[in-house]
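Accompanying notes for the structure given below.
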Amino acid sequence: MHHSPGVTFLDNAGTVILLLWAFAMWGAVAVLALASRRAVAPWMFRASAAVIILGILGQLGHIQEHVAQTGYWVANPEAQPWMTPWGTGLANGFGQIDTSKPSLGMEILHFTGNLIFLAGIVGVMLITRRALGTRARRYARMGVWMQGIHGIEHAVLTLSVALGASRAIGLSTWFGLLEPGPGLWTYRIWWHMLANLVGSVIFGIAVYHLWRERRQIRESHRLLLAGSSVPPQASPAPLVAQHESGPSAGR
């Protein structure tokens, strides 16, 4: 990214931190997914928990932006969508990728936020990989589907702007057919607010059950045989001992 007038050092620093945050989370998800295919070890429990915690922190920051936007819309329903000062700064930082597309930075910002959110929910799926019957996993699966669709929506919105569309194309813009104005702004603000709210509630329920079932889930992360879901069995008794306990014993 090149530095342009109006973009501060803090804007650039925040942008880099957010990108590293998302890359680190998905890098950890990839490592955990591959490692857990061979065996399960206690360190995977701790690493998955770290991914979940980072996802919670990221989503708290993400959803507050949507709550603030919705609150501003309630007070000013005819006005253009508003962003918090820190959200605007991050969007300006991302926007340096292509300054000829004014909305690109905002689209990348929300796409990145959704990637962090999705990684946190995937973390619950990873930590419950050997605890298939838990409620935490059930809600996490639901969250992955919900947030996966939401993430695809943001990917399409971002790509459409990056590829030169005059307006973002996606479900939340009625595929670009809505003209800019209060109708489009209202529809998009509430679409994303509700999507984030529902996704956050599902994530919260999954984390709640994860806490309640933590002992069972931690127990499932003992060292296991590769590809097995049960602890390794004790070695069979020596052949001599088996003969001694057989019918001839005591003669």
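Brief remarks on what is shown
- The set of residues from the range 10-65 being assigned to a helix (DSSP H, G or I), of a type in the set (S, T, N, Q) and either out of contact with any helix residue (DSSP H, G or I) (no Cβ under 6 Å at 6 or more places or on another chain) or open to solvent by less than 30 Å² (accessible area, probe 1.4 Å) (or both) comprises 15, 48, 59, 64.
- Residues that are among the hydrophobic types (A, V, I, L, M, F, W, C) and over 13 Å from the mean Cα position of the chain (by Cα) within the range 99-141 comprise 104, 106, 108, 109, 127, 131, 132, 136, listed in sequence order.
- The range 165-174, subset farther than 26 Å from residue 64 by Cβ and of a type in the set (A, V, I, L, M, F, W, C), residue surrounded by the most Cβ atoms within 10 Å (Cβ to Cβ): 169
- Residue list for the range 175-210, filter: over 14 Å from the mean Cα position of the chain (by Cα) and more than 24 Å from residue 71 (Cβ to Cβ): 175, 176, 177, 179, 205, 208, 209, 210
- Of all residues in the range 121-151, those being free of Cβ contacts under 8 Å to residues at least 40 places away in the same chain, over 13 Å from residue 202 (Cβ atoms) and either buried (at least 19 other Cβ atoms within 10 Å of the Cβ) or touching a Leu at 6+ places or on another chain (Cβ under 9 Å) (or both) number 0.
- The range 80-120 - residue that is touching a residue at least 60 places away in the same chain (Cβ under 8 Å) and polar (S, T, N, Q) and, of those, most open to solvent (accessible area, probe 1.4 Å): 80
- Qualifying residue in the range 56-64 (condition: touching a residue at least 24 places away in the same chain (Cβ under 8 Å) and in contact with an Asp or Glu (Cβ under 8 Å, 6 or more places away or on another chain)): no
- Any hit, the range 179-190, residues being open to solvent by less than 50 Å² (accessible area, probe 1.4 Å), free of Cβ contacts under 8 Å to residues at least 40 places away in the same chain and in a loop (DSSP other than H, G, I, E, B): yes
The values are calculated or read from the model by the stated rules, or taken from the named source; none is laboratory data. Note that the coordinates shown come from a computational prediction; the quantities given were computed from them, not determined experimentally. Ideal geometry is used to build each Cβ from the backbone, glycine not excepted, and the neighbour counts take in all protein chains shown. Just the protein is used for accessible areas: all its heavy atoms, side chains included, with ligands, DNA and RNA removed. Shrake-Rupley method; radii C 1.70, N 1.55, O 1.52, S 1.80 Å.
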